[in-house]
Amino acid sequence: MKSIQELQAIKEKMQKMINTRETTDDSDIRIVVGMATCGIAAGARPVLNKLSDEVLSRGLHHVKVIQTGCIGMCRYEPIVEVFVPGQEKVTYIHMTPEKAVRVINDHIVNGNVVQEYTVNKE
Amino acid sequence: MYRAHILVCGGTGCSSSNSKEIFAKFESELKAAGLDKEVKTIMTGCFGLCALGPVVVVYPEGAFYSQVKVEDVPEIVSEHLLKGRIVTRLLYKETVAETGIRSLSETNFYKKQHRVALKLCGVINPENIDEYIAYDGYQALAKVLTEMTPQEVIDVISKSGLRGRGGAGFPTGRKWQFARNSVSDKKYVCCNADEGDPGAFMDRSVLEGDPHAVIEAMAIAAYAIGSDQGYVYIRAEYPIAVQRLQIAIKQAREYGLLGKNIFGTDFNFDLDIRLGAGAFVCGEETALMTSIEGKRGEPRVRPPFPAVKGLFGQPTILNNVETYANVAQIILNGPEWFASMGTEKSKGTKVFALGGKITNTGLVEIPMGTTLREIVEDIGGGIPNGKKFKAAQTGGPSGGCIPASLIDTPIDYDNLLAIGSMMGSGGLIVMDEDTCMVDIAKFFLEFTVEESCGKCTPCRIGNKRLLEMLEKVTSGRATMEDLDKMEKLCHYIKENSLCGLGQTAPNPVLSTLRYFREEYEAHVRDKRCPAGVCKKLITYSIDPTKCIGCSKCARNCPVEAIHGEIKKPYTIDTSKCIKCGACIDQCRFKAISKK
């Protein structure tokens, strides 16, 4: 270690990874993925992994990607719910990894709900 | 990138209840489920709640699983990690809420704690330096080397009010200043990890959970006093701590955080480990240094103090593990931050190893000034089996007992000294009404008699004689004059012993004599042990009105001291009885009593 810059580089690289280990608090945005049998069968796992990768690689500290069991609307799986504190829950349906990237980009980062993916459109 | 992290406690407590196998099982189960690329498993240091080990925490949810068995692992993997259903039956009870899981920081055990020295214990993988760096590791070292003069470092430490966590509470900044003022071309920085008090495991847990914090702080100390070589003196009985420290030193060397020209400056520092063979006296600073030099671990007269003439005759500072664990954070957060915690003369926090008759056995860190009641009743969860709190013992064999009447004393260095105990390194043993205070004093004195190095007479012979007097008391042969003699002898030993071991050895006797004299007197005058512990003073008897003559006690008596006829009250032959208590445990009618 010959410079502080080297130390900072390791710190930044690692911080993205350890973000997962911070406990959720009330001001965090929660992205919840339905990972019951129905969800998994419809392809929820790649969606979950994509969401998690995007959040970590973009260093979104205030966002937590969490899985849950069956949400109850199995025919719409994979389902992703987004809880932004102080706002109404948004439910995205028939998700894919590609759609997941757009949800992160438009909704989480820029605050625009991707209306065309939501359950309200059905 | 991993979407979830599984943290398995790898502290000594959880390791001894199989956490290593649990860790291996997680890895194999994740692999079998095809989740090993999505979920990361990490072995951490101690979480503190040792009574509920082995502990496993799963993030991002922060689900705190307690008393996990190897057989539970497949369920956690398939339910929680694959399907997202938290395994409620394994959750620590206090974290189960109607709406899912409650955060660990809201449970009684953690709520009143404030983690500074233990900040990263149970959070990072201690065997991965990158994780330490991610949590601001080595930032403080970078800051002092590039932005601060050695004197500024000492000023910050002095201003923070940090005092030695090994027990005596000497101001750390002042110690460093003495060593800095000593002129010499070779100086040493040492770390005392020879944690010898029975029931204390704070330093072990810090080294197991966050070894780099100690390495970084020692480098900072070396810069402050002008040293380039450090030694960590650690007990060989701490294999996990030793191994993790070795790994940490190796990684720090690879990164150039130990070695020559650290951060491109002209500061050099390297660190070596010296293993202690388990002699209690080697926790005393002069004996510790003698032992590092390769000689028999015996103390010597002070002055000269180590800051002037220490290891190999050179100026040396010796600080305790927990003291070092605070240093980097003081540098980064400022002395005002540290001084804002605690009481007027005792700043910051203190780690205690909570043990004895307490529900939540484990490791707790509290701001100075927290009362004993808060530790015992709130954090510790009270005394099990509905028993009453009788006393707490702090400071191990050098400390004393705090009686129930003083349970609201705010804990800090000066308050504890004033009531005849001492902070000590942080062992806190809780005792309930079944504990005999004379017996406790005897237990600690047996320990110090065994551990006395024998160099000076007051300690070697004085403590032995004191122990013999205590044995007279517990066997009912003592007179009231003996109690006064004991007290005199205690003071004599304290005043005349060479080192801290002898000077503090009579403390357990003195403090119990002070607060529980009536118990001593009951042993002497009435030949009675009020707590029913001292075997020579108790007799077992069967209440004929309660005994139904079932013969169960007689069948379980190992020495055939109980006789009688079926369906008639039995009797105990006290000349044969060895007072083992087996009959009491067996009797379903509470007919047997000891007095």
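Read-outs: derived from the displayed coordinates by stated rules, not from any lab. Quick caveat, the model's predicted, so the values are computed rather than measured. Neighbour counts run over all protein chains shown; Cβ positions are idealised from the backbone, glycine included.
Could you sort the peptides A:3-10, B:198-205 by per-residue average Cβ neighbour count (10 Å cutoff), highest mean leading? Kindly include the intermediate steps, with their values, before the conclusion.
Working: A:3-10: 14.8, B:198-205: 23.8.
Ranking the peptides A:3-10, B:198-205 by packing returns B:198-205, A:3-10.
Mind checking the angle between helix A:4-18 and chain A's longest principal axis? C-alpha axes, 0 to 90 degrees, to the nearest 10.
Roughly 20 degrees between the two axes.
Pull out the extension gain between B:Asn268 and B:Thr146, defined as 0.36 nm times the separation in residues minus the alpha carbon to alpha carbon distance; nm, one decimal. Each step should come with its number before you reach the end.
Working: separation 122, 0.36 × 122 = 43.92 nm, distance 1.36 nm.
Extra length from B:Asn268 to B:Thr146 when fully extended: 42.6 nm.
Return the subset of B:Lys464/B:Lys536; B:Lys83/B:Lys112; B:Lys83/B:Lys357; B:Lys40/B:Lys93; B:Lys295/B:Lys472 for which the Cα-Cα distance in this structure is over 30 Å, preserving the input order. If you can, show how the numbers build up before the last one.
On the way: B:Lys464/B:Lys536 21 Å; B:Lys83/B:Lys112 34 Å; B:Lys83/B:Lys357 40 Å; B:Lys40/B:Lys93 25 Å; B:Lys295/B:Lys472 38 Å.
B:Lys83/B:Lys112; B:Lys83/B:Lys357; B:Lys295/B:Lys472, as the Cα separations exceed 30 Å there.
Which peptide among B:85-98, B:502-515, B:440-453 comes first, and what is the full order, when sorted by highest mean count of other Cβ atoms within 10 Å?
Working: B:85-98: 15.0, B:502-515: 24.4, B:440-453: 21.0.
Top of the packing list down: B:502-515, B:440-453, B:85-98.
Label B:Asp434 and B:Val559 with points 7 Å out from Cα along Cα→Cβ: what is the distance between them in nm?
My value for the distance between the label points is 2.1 nm.
Report the FRET efficiency, 1/(1 + (r/R0)^6), for B:Glu446 and B:Thr539, where r is their Cβ-Cβ distance and R0 is 22 Å, rounded to 0.05.
Working: r = 25 Å, r/R0 = 1.13.
Taking R0 as 22 Å, the efficiency between B:Glu446 and B:Thr539 is 0.30.
As a test of the formula, what do you get for chain B when each DSSP H run with n ≥ 4 contributes -39,500 (n - 2.57) and the sum is divided by the residue count, at 222 nm and rounded to the nearest 500 deg cm²/dmol?
On the way: 22 runs with 207 residues, N = 595.
Mean residue ellipticity at 222 nm (helix-derived): -10000 deg cm²/dmol.
I'd like the orientation of helix B:437-451 relative to chain B: the angle between its Cα long axis and the longest Cα principal axis, in ° from 0 to 90, rounded to 10.
50
If you take each beta carbon of peptide A:45-57 and count the beta carbons of other chains within 10 angstrom, what is the mean?
On the way: counts 5, 0, 0, 4, 5, 1, 1, 6, 4, 1, 3, 3, 1.
Counting other chains' Cβ atoms within 10 Å and averaging over A:45-57 gives 3.
Grab the other residues whose beta carbon is less than 9 angstrom from that of A:Lys64, score K and R as +1, D and E as -1, and report the net.
Details: positive: A:Arg30; negative: A:Glu22, A:Asp28, B:Glu61.
Charge balance in the 9 Å sphere: -2.
Give me, ordered by chain and number, the residues 5 or more places off B:Gly427 or on other chains with an amide H under 5 Å from its own placed amide H.
Amide H neighbours of B:Gly427: B:Ala353, B:Gly395, B:Gly396.
Take B:Trp176, B:Trp337 and order them by how many other Cβ atoms sit within 10 Å, fewest up front.
On the way: B:Trp176 25, B:Trp337 14.
Starting with the residue having the fewest Cβ neighbours, the order is B:Trp337, B:Trp176.
Looking at the protein assembly as shown only, what percent of DSSP beta bridges run antiparallel? Nearest 5 please. Intermediate values should be presented prior to the final figure.
Values: 42 of 76 bridges.
Taking every DSSP beta bridge within the protein assembly as shown, about 55 percent pair in antiparallel fashion.
Measure nothing but the geometry: give the 0 to 90° angle between the long axis through the Cα atoms of B:480-496 and the longest principal axis through the Cα atoms of chain B, rounded to 10°.
The helix B:480-496 is inclined about 10 degrees to chain B.
Say R0 is 56 Å: what FRET efficiency, to the nearest 0.05, do B:Arg525 and B:Asn181 get from their beta-carbon distance? Could you put the intermediate results ahead of the total?
Numbers: r = 57 Å, r/R0 = 1.02.
After rounding, the FRET efficiency stands at 0.50.
What distance in nm lies between label points placed 7 Å from Cα along the C-beta direction at A:Gln5 and A:Glu98?
Each label point lies 7 Å from its Cα, and together they span 4.1 nm.
For Cα pairs less than 8 Å apart in space and 6+ apart in sequence, what is the mean separation divided by the residue count of segment B:349-432, i.e. the relative contact order in percent? Please list the in-between numbers first.
Working: 176 pairs, mean separation 31.0, N = 84.
Rounded, it is 37 percent for segment B:349-432.
Got a sec? How would B:Asp210, B:Asp414, B:Asp130 order by Cβ neighbour count within 10 Å, fewest to most?
Numbers: B:Asp210 31, B:Asp414 14, B:Asp130 17.
Taking fewest neighbouring Cβ atoms as first place, the list is B:Asp414, B:Asp130, B:Asp210.
Averaging sequence separations of C-alpha pairs under 8 Å and six or more residues apart, then dividing by the length of segment B:539-594, give the relative contact order as a whole percent. Mind showing how you got there, number by number?
Numbers: 97 pairs, mean separation 26.1, N = 56.
It rounds to 47 percent for segment B:539-594.
Set the Förster radius R0 to 60 Å, insert the Cβ-Cβ distance between B:Val301 and B:Lys590 as r into 1/(1 + (r/R0)^6), and round the FRET efficiency to 0.05. Before the final figure, lay out each step's value.
On the way: r = 59 Å, r/R0 = 0.98.
E(calc), rounded to 0.05, equals 0.55.
How large is the dipole of segment B:437-525 about the Cα centre if only Lys and Arg carry +1 and Asp and Glu carry -1, each at its Cβ, rounded to the nearest 20 debye?
Numbers: 13 positive and 14 negative charges, 52 e Å.
The dipole magnitude comes to about 260 debye.
What is the fewest-to-most order of B:Val153, A:Val114 by other Cβ atoms lying within 10 Å of their Cβ?
If I rank by nearby Cβ atoms, fewest first, I get A:Val114, B:Val153.
With a point put 7 Å past each Cα toward its Cβ, work out how far B:Ala32 is from B:Glu71 in nm, to one decimal.
So the two model labels end up 1.5 nm from each other.
What does the C-alpha gyration tensor say about the overall shape of the protein assembly as shown? Classify as rounded when a/c is under 1.5, otherwise prolate if a/b is larger than b/c, or oblate. Could the numbers behind the result be given before it?
Details: a/c = 2.55, a/b = 1.30, b/c = 1.96.
Judged from the Cα gyration tensor, the protein assembly as shown comes out oblate (a/c at least 1.5, b/c at or above a/b).
Can you classify chain B as rounded, prolate or oblate using the Cα gyration tensor, where a ≥ b ≥ c are the square roots of its eigenvalues, rounded means a/c under 1.5, and otherwise it's prolate if a/b beats b/c and oblate if not? Don't jump to the answer; show the numbers that get you there.
Details: a/c = 2.24, a/b = 1.26, b/c = 1.77.
Oblate is the answer for chain B, as a/c is 1.5 or above yet b/c matches or exceeds a/b.
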